[in-house]
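The structure appears right after this line, and notes come after that.
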Amino acid sequence: MHVPYKARVAEFFDARSGYGRSELHARMAERFLDLAAPQPGERVLDIATGTGFVAIPAARLVGDGGQVVGVDISEGMLAQAAAALAESGLDNLDLRLADAEDLDFPAASFDLVTCCNALPYMADVSAALRRWHALLRPGGRLVFNCWAGNSHATGHLLRSLAGTQGIYVSPVGHDTGTPERCHALLAETGYSRSDVIVEPTSNYLSAEHLNDVLASALKSPLFGIAADDAIRIEALRNEYLEAARSTEVLESLEREVGAYFVVAYR
């Protein structure tokens with residue numbers, strides 16, 4: 001039976017019960033917030049809010065005079081966010097089950113739109129960026145993060161190994177795979193200017209995380225791995241883990257400058 005793409009994305013994240021304890025995502029969210037810099041009194045829309053890594057601290061930063069709305073397609077993620085919100089004592093964060101590509105907020109109703117670790121999951125990245133642009137007030141800003149197209153974070157090692165066996169693994173984040181593509185895409189979707197901050201991948205992704213990349217790719221709809229091919233890749237697990245520990249891969253990970261943080265303005 002065919003399951004629609006967005007339903008598969010929701011199911012994938014519903015199953016990630018430990019997401020809120022991810023050190024990798026917490027570290028990226030901290031840097032993300034430094035650059036997004038929510039200001040007191042601002043109204044913030046947090047796309048794919050997940051467990052609240054960005055939304056909860058953003059709500060603290062905008063204060064009583066501001067508001068954060070966190071939307072997510074996954075009920076499981078929102079349940080984790082709601083539990084964290086209850087512990088925070090904040091009352092200026094509104095969590096909603098919603099499709100980030102089909103939002104019904106009034107035009108020009110947010111000062112800041114954030115999308116941390118989620119842009120590649122959009123079915124139509126260009127259309128999503130245009131819709132979010134319309135939700136920004138004049139001078140408002142969009143902040144998202146992504147990875148270099150051939151980054152280890154997006155499965156470079158897995159694609160290379162699978163390719164030797166004739167197994168196709170979809171590229172991730174092609175639209176934003178270089179700073180130039182980020183700038184071009186944002187210009188095409190209406191943003192007046194954009195800044196791309198490029199940092200070493202190893203600031204966020206360690207060699208140990210390469211094991212997680214494999215486990216995630218086998219289940220994530222982003223990588224487009226067919227069920228039969230997933231079984232074949234499982235048979236390559238030991239070979240993958242050995243390669244992930246190799247000097248060549250470790251050195252390439254240390255050299256890689258593939259973590260992008262993007263700030264765009266309406």
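The values are calculated or read from the model by the stated rules, or taken from the named source; none is laboratory data. Note that this is a predicted model, so its numbers are computed, not measured. Cβ placement follows ideal geometry from the backbone for every residue including glycine, while neighbour counts extend to all protein chains displayed. These accessible areas exclude ligands, DNA and RNA; they are computed on the full protein's heavy atoms, side chains included. Shrake-Rupley method; radii C 1.70, N 1.55, O 1.52, S 1.80 Å.
Just give me the residues in the range 126-144 being in a strand (DSSP E or B) and either open to solvent by less than 10 Å² (accessible area, probe 1.4 Å) or closer than 17 Å to residue 70 by Cα (or both), in sequence order. Quick ask: steps written out before the conclusion?
First pass over the range 126-144, keeping only residues in a strand (DSSP E or B): 136-144.
136, 140, 141, 142, 143, 144 - these are the residues of the range 126-144 that are in a strand (DSSP E or B) and either open to solvent by less than 10 Å² (accessible area, probe 1.4 Å) or closer than 17 Å to residue 70 by Cα (or both).
Considering only the range 25-43, I want to know if a residue exists there that is part of a loop (DSSP other than H, G, I, E, B) and touching a strand residue (DSSP E or B) at 6+ places or on another chain (Cβ under 7 Å).
In the first step, residues of the range 25-43 are kept if they are part of a loop (DSSP other than H, G, I, E, B); the result is 37-42.
The next check asks that each one be touching a strand residue (DSSP E or B) at 6+ places or on another chain (Cβ under 7 Å); those that pass are 38, 42.
Yes, some residue in the range 25-43 is part of a loop (DSSP other than H, G, I, E, B) and touching a strand residue (DSSP E or B) at 6+ places or on another chain (Cβ under 7 Å).
If you scan the range 150-172, which residues turn out to be open to solvent by 50 Å² or more (accessible area, probe 1.4 Å) and touching a helix residue (DSSP H, G or I) at 6+ places or on another chain (Cβ under 6 Å)?
Correct list: 150 only.
What pairs can you find where one residue is in the range 94-121 and over 13 Å from residue 52 (Cα atoms) and hydroxyl-bearing (Ser, Thr, Tyr), the other is in a strand (DSSP E or B) and open to solvent by 10 Å² or more (accessible area, probe 1.4 Å), and their Cβ atoms are less than 7 Å apart, with a gap of 6+ or different chains?
109/43
How many of the residues in the range 75-119 are crowded, with 18+ Cβ neighbours inside 10 Å and part of a strand (DSSP E or B)?
Total satisfying the criteria: 8.
If the requirement is being of a type in the set (Val, Ile, Thr), closer than 23 Å to residue 25 by Cβ, outside any helix (DSSP H, G or I) and touching a Pro at 6+ places or on another chain (Cβ under 7 Å), which of these qualifies: 196, 169? Can you show your working first?
Values: 169 fails: touching a Pro at 6+ places or on another chain (Cβ under 7 Å).
Among 196, 169, only 196 is of a type in the set (Val, Ile, Thr), closer than 23 Å to residue 25 by Cβ, outside any helix (DSSP H, G or I) and touching a Pro at 6+ places or on another chain (Cβ under 7 Å).
Restricting attention to the range 12-38, and to residues there that are of a type outside the set (A, V, I, L, M, F, W, C), surrounded by 14 or more Cβ atoms within 10 Å (Cβ to Cβ) and in contact (Cβ under 8 Å) with a residue 40 or more places away in the chain, which single residue is farthest from residue 105 (Cα to Cα)? Give the steps one after another, and end with the answer.
Initially, the range 12-38 is screened for residues of a type outside the set (A, V, I, L, M, F, W, C), giving 14, 16-23, 25, 27, 30-31, 34, 38.
After this cut, where a residue has to be surrounded by 14 or more Cβ atoms within 10 Å (Cβ to Cβ) as well, the list is 14, 16, 19-20, 22, 25, 27, 31, 38.
From the residues that got through so far, the ones that are in contact (Cβ under 8 Å) with a residue 40 or more places away in the chain too are 14, 16, 19-20, 25, 27, 31, 38.
Details: 14: 25, 16: 28, 19: 28, 20: 27, 25: 27, 27: 30, 31: 28, 38: 20 Å.
Filtering the range 12-38 for residues that are of a type outside the set (A, V, I, L, M, F, W, C), surrounded by 14 or more Cβ atoms within 10 Å (Cβ to Cβ) and in contact (Cβ under 8 Å) with a residue 40 or more places away in the chain, the one farthest from residue 105 (Cα to Cα) comes out as 27.
Starting from the range 205-229, take each residue that is at negative phi and in contact (Cβ under 8 Å) with a residue 60 or more places away in the chain and list its partners that are surrounded by fewer than 19 Cβ atoms within 10 Å (Cβ to Cβ) and of a type in the set (Lys, Arg), counting only C-beta distances under 8 angstrom and pairs at least six apart or across chains.
221/8
Output the residues belonging to the range 213-256 that are in contact with a helix residue (DSSP H, G or I) (Cβ under 7 Å, 6 or more places away or on another chain), in a loop (DSSP other than H, G, I, E, B) and open to solvent by less than 80 Å² (accessible area, probe 1.4 Å).
218, 220, 225, 236, 256, listed by residue number.
Which condition does residue 147 not pass, out of (1) open to solvent by less than 30 Å² (accessible area, probe 1.4 Å); (2) aromatic (Phe, Trp, Tyr); (3) under 28 Å from residue 210 (Cβ atoms), if it passes all the others?
Every listed condition holds for residue 147 apart from (1).
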